[in-house]
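S.K.: Take this structure, written in structure tokens, and hold onto it; I'll ask about it next.
Every number in this text was worked out from the coordinates using simple rules, so none of it is lab data. Here the structure is a predicted model, which is why all the values come from computation and not from measurement. When we count neighbours, we look across all protein chains shown, and the Cβ atoms used for this are built from the backbone with ideal geometry, even at glycine.
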Amino acid sequence: LIILGMETSCDETAVSIVRNGSEILSNIVASQIESHKRFGGVVPEIASRHHVEQITLVIEEALSQADVTYEEIDAIAVTEGPGLVGALLIGVNAAKAISFAHDIPLVGVHHIAGHIYANQLVDNLEFPLLALVVSGGHTELVLMREHGHFEVIGETRDDAAGEAYDKVARTLNLPYPGGPHIDRLATEGNAAAVKLPRAWIEGTYDFSFSGLKSAVINTVHNAEQRGEVIRPEDLAASFQESVVEVLVSKTVEAAEQYQVKQVVLAGGVAANKGLRTALMDKFKKMNSVKLTIPPLALCTDNAAMIAAAGTIFFEKGQRSRLDLNGNPGLDITIHNGME
Ligand code: ATP
Ligand code: MG
Ligand code: FE
């Protein structure tokens with residue numbers, strides 16, 4: 001079974017060919033980070049324009065690297081949401097055009113379902129499964145009792161983890177996207193040198209990062225006013241410790257409560273070394289739970305993850321029609337939730 005995956009929800013134009021749901025034949029990602037950097041974030045209009053310019057080239061490259069023709073492709077899986085509507089539409093329309101021209105079935109995929117299914121590219125999924133989703137726009141704990149079934153048991157009430165990373169990085173004058181820079185600085189800092197709060201929100205699996213973000217900004221401003229110097233390394237280390245501690249504790253607690261067989265990490269912040277190490281340390285001690293963490297290239301946005309999810313949904317009989325639309329607010333519990 002050969003699936004062509006397509007992803008244009010934000011600022012990467014990505015196309016991938018995946019065989020049998022886990023074998024990556026090609027995985028092309030054209031990143032636009034350089035174009036957005038000077039604005040300190042993704043500019044939607046610029047993103048759409050880049051997708052239009054890149055999509056055909058990226059599709060051709062993915063086919064040629066995989067050495068596959070349209071005749072060999074069983075289905076096209078495309079991110080239909082959530083994301084930037086103008087960006088989503090480029091991928092959705094390219095996918096529809098190929099589907100129509102070559103008579104290939106079309107499958108719409110939820111972007112976060114894709115991030116979760118990135119784990120299928122490295123390991124078999126076993127249910128019940130708990131996914132810790134940490135990305136630029138999402139922070140949630142998702143319970144899966146079977147393929148295609150997603151139950152959000154906790155989510156952020158304000159900023160996403162990646163968003164908090166990027167905003168803190170901005171305060172420290174680090175380039176966009178700031179996550180990887182904070183991650184690197186954190187390894188050189190002393191977390192105990194700066195005290196930052198932890199948002200536990202007792203009794204739920206919800207998260208909150210805006211208080212922590214504000215605490216970092218206030219710490220920096222207060223120090224500036226007093227003429228004190230705080231090492232950015234220490235601030236980064238303390239911030240990262242606060243984020244990681246809360247994420248890991250809630251994940252362990254939920255894994256125990258729901259008696260899951262597997263925990264998977266998903267989304268761009270899954271590339272974070274501090275988070276990866278802390279999760280590995282914790283779950284090494286829990287023999288009944290298998291922990292899976294994708295390699296860095298499959299954590300940030302890519303189309304192999306969309307093809308991996310699309311393979312399962314296609315096998316389950318899901319088909320999208322040619323009136324498929326980009327949906328910036330697509331809900332994961334309804335979409336791809338195949339009862
Ligand atoms: P969503 O998936 O919610 O729609 P997105 O697709 O924009 O959002 P991703 O591409 O999954 O987000 O992740 C990008 C985010 O990951 C950015 O906020 C970036 O700073 C963060 N990130 C990447 N690497 C690291 C790292 N090593 N440590 C912390 N954060 C990181
Ligand atoms: Mg991105
Ligand atoms: Fe993403």
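S.K.: In debye, nearest 20: dipole of segment 1-145 around its Cα centre with unit charges on the Cβ of K, R (+) and D, E (-)?
M.R.: On the way: 6 positive and 18 negative charges, 93 e Å.
For this selection, approximately 440 debye.
S.K.: What is the distance in Å between the Cα centres of segment 83-152 and segment 179-244?
M.R.: One Cα centre to the other: 31 Å.
S.K.: Sticking with the crude label model, points 7 Å out along Cα→Cβ, report the distance from GLU34 to ASN218 in nm, one decimal please.
M.R.: 4.1
S.K.: For SER64 and LEU1, what does the FRET efficiency come to when R0 = 25 Å and r is the distance between their Cβ atoms, rounded to the nearest 0.05?
M.R.: In this case the efficiency is close to 0.75.
S.K.: Right, next: Averaged across orientations, what area in nm² does the convex hull of the alpha carbons in the chain project?
M.R.: Its Cα hull, projected and averaged over all orientations, spans 16.7 nm².
S.K.: Give the angle, between 0 and 90 degrees and rounded to the nearest 10, that separates the Cα long axis of helix 304-315 from the longest principal axis of the Cα atoms of the chain.
M.R.: 50
S.K.: With only alpha-carbon pairs counted, each pair once and no self-pairs, how large is the Kirkwood hydrodynamic radius of segment 1-137 in angstroms?
M.R.: Values: mean 1/r = 0.0648 Å⁻¹.
Result for segment 1-137 stands at 15.4 Å.
S.K.: Given a Förster radius of 35 Å and the C-beta distance between ARG198 and PHE127 as r, what FRET efficiency does 1/(1 + (r/R0)^6) yield to the nearest 0.05?
M.R.: Values: r = 31 Å, r/R0 = 0.88.
Rounded to the nearest 0.05, the efficiency is 0.70.
S.K.: While we're here: Determine the distance separating the Cα centre of segment 266-296 from the Cα centre of segment 10-45; give it in Å without decimals.
M.R.: Cα centroid of segment 266-296 versus Cα centroid of segment 10-45: 23 Å apart.
S.K.: Let me ask another. Report, in debye and to the nearest 20, how large the dipole of segment 29-86 comes out about its Cα centre when Lys and Arg carry +1 and Asp and Glu carry -1 on their Cβ.
M.R.: Charge dipole, segment 29-86, about its Cα centre: 560 debye, nearest 20.
S.K.: Here's another thing I want to ask about it. Report Rg/Rh for segment 176-223, rounded to two decimals, where Rg is the Cα radius of gyration and Rh the Kirkwood radius.
M.R.: 1.01
S.K.: Something else: Mind listing the long-range amide H neighbours of SER26? Cut-off is under 5 Å, sequence gap 5 or more, other chains count too, H placed in the peptide plane at 1.01 Å from N.
M.R.: ILE17
S.K.: Let me ask you something else. To the nearest 500 deg cm²/dmol, what mean residue ellipticity at 222 nm is calculated for the chain from DSSP H runs of n ≥ 4 alone, each contributing -39,500 (n - 2.57), summed and divided by the residues?
M.R.: -13500 deg cm²/dmol
S.K.: Place +1 on the Cβ of every Lys and Arg and -1 on the Cβ of every Asp and Glu in the chain, take the dipole about the Cα centre, and give the residue among ALA192, LEU247, GLY86 whose Cα lies farthest towards its positive end.
M.R.: ALA192
S.K.: Just flag the trypsin sites (Lys or Arg not before Pro) in segment 1-101 sitting in loop per DSSP whose Cβ has no more than 12 other Cβ atoms within 10 Å. Please report the intermediate quantities before stating the final value.
M.R.: Values: sites: ARG19, LYS37, ARG38, ARG49, LYS96; in loops: ARG38.
The qualifying sites are ARG38.
S.K.: Report, to the nearest 10°, how far helix 44-66 tilts away from the longest principal axis of the Cα atoms in the chain, using its own Cα long axis and a range of 0 to 90°.
M.R.: With both axes taken from Cα atoms, the answer is about 60 degrees.
S.K.: So if I place +1 on the C-beta of Lys and Arg and -1 on the C-beta of Asp and Glu, and nothing else carries charge, what would the dipole magnitude of segment 135-258 be about its Cα centre? I want it in debye, nearest 20.
M.R.: Working: 11 positive and 20 negative charges, 79 e Å.
Dipole size: approximately 380 debye.
S.K.: Follow-up question, since we're still on this one. I'd like the Kirkwood hydrodynamic radius of segment 102-209, using the inverse of the mean 1/r over distinct C-alpha pairs, in Å.
M.R.: 16.3
S.K.: Enter the angle in degrees (range 0 to 90, nearest 10) between the Cα long axis of helix 161-171 and the first principal axis of the Cα atoms of the chain, meaning the one along which they spread out most.
M.R.: 50
S.K.: Turning to a different aspect of this structure: So for the pair LYS316, ASN287, with labels modelled 7 Å out along Cα→Cβ, what separation do we get in nm?
M.R.: Output for this residue pair reads 3.3 nm.
S.K.: Can you pull a Stokes-Einstein diffusion coefficient for segment 52-109 at 10 °C (1.306 mPa s), Rh from Kirkwood over Cα pairs, as a whole number of µm²/s?
M.R.: 133
S.K.: Roughly what % of DSSP beta bridges within the chain run antiparallel, to the nearest 5? Please list the in-between numbers first.
M.R.: Working: 25 of 43 bridges.
Counting DSSP beta bridges with both partners in the chain, the antiparallel share is about 60 percent.
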